[in-house]
1. Please verify whether ARG127 is without any contact (Cβ under 8 Å) to a residue 24 or more places away in the chain and part of a helix (DSSP H, G or I), treating the condition exactly as stated.
2. For the range 116-154, which residues satisfy the criterion of being of a type in the set (A, V, I, L, M) and under 16 Å from GLY83 (Cβ atoms)?
3. Give me a count of the residues in the range 36-53 that are among the polar types (S, T, N, Q) and either out of contact with any strand residue (DSSP E or B) (no Cβ under 9 Å at 6 or more places or on another chain) or at positive phi (or both).
4. Look through PRO41, PRO89 and report the one residue that is farther than 24 Å from ALA137 by Cα, free of Cβ contacts under 8 Å to residues at least 12 places away in the same chain and touching a helix residue (DSSP H, G or I) at 6+ places or on another chain (Cβ under 8 Å).
5. Could you grab me the full set of residues in the range 130-154 that are buried (at least 16 other Cβ atoms within 10 Å of the Cβ) and in contact (Cβ under 8 Å) with a residue 24 or more places away in the chain?
6. Mind listing just one residue for me: the one in the range 98-115 that is surrounded by 15 or more Cβ atoms within 10 Å (Cβ to Cβ) and free of Cβ contacts under 8 Å to residues at least 40 places away in the same chain and, of those, nearest to VAL86 (Cα to Cα)?
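Derivation of every value follows stated rules applied to the coordinates shown; laboratory data play no part. Owing to the predicted nature of the structure, the values given are computational and were not obtained by experimental measurement. Backbone-built Cβ (ideal geometry, glycine too); neighbour counts: all protein chains shown.
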Amino acid sequence: MASVSDHDRWIYRPWSALTTDELYRIMILRQRVFVVEQTCPYLDADGWDDKATHLWCDDAAGAVLAYLRVFAPGVKYDEASLGRIVTSPEARRSGLGRRLVAAGLARIADSHGAVPVRIGAQQYLERFYGEAGFVRASDDYLEDGIPHLEMVRR
C-alpha cells in the first residue's frame, strides 16, 4: 500500500510551472480513476488545466497519490473552486482525501481570504464533502453519465 502520513509532501504549482513529467504523472492518476476505474470514456483534458493551480501529493517513487485543481474566484465560477479531486486506489481510506481537500481549501484561503468555494461533486460523495463544510447548491445532474451536484462552502 502507498505510504501516506500527516507529513505528506504537497506540491502546488501553476500550469506554467508544471514539468512534463509532473503533468504526465498527474494525468496517469486522473485517467486511471476517472476514465478506467469509473468506466467513463470522456475527454479529461477539458481546457481548464491551464487556468488552474495544481495541488498533489506523491509517494517516494513519484507516483501521484492525491490531486486536485484550484481555481481563483471568477475563473470557473463566481466563487473559488476545487476540481478533479482524486485519490489513488492505494491511498483510499487513509485520510489522504480529507487532507487533500483541506490543503486545497487552505491554498484558496491563503491566496484569496475567506471566500466561498464551489465544487461539482459526484453525487455519491456528497457526505464526504459535507464533512468539509460543503452544502448542496443544485439538483442532481448527469455529467458524462455519472450523477453529480454542485456544492458550496461559505
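1. When the stated conditions are applied, ARG127 passes them.
2. Listed by number, the residues that qualify are VAL117, ILE119, ALA121, LEU125, ALA132, ALA137, ILE146, LEU149, MET151, VAL152.
3. Summing the residues that are among the polar types (S, T, N, Q) and either out of contact with any strand residue (DSSP E or B) (no Cβ under 9 Å at 6 or more places or on another chain) or at positive phi (or both) in the range 36-53 gives 1.
4. After ruling out the rest, the residue left standing is PRO41.
5. Scanning the range 130-154 gives ALA132, HIS148, LEU149, GLU150, MET151, VAL152, ARG153.
6. The residue in question is VAL101.
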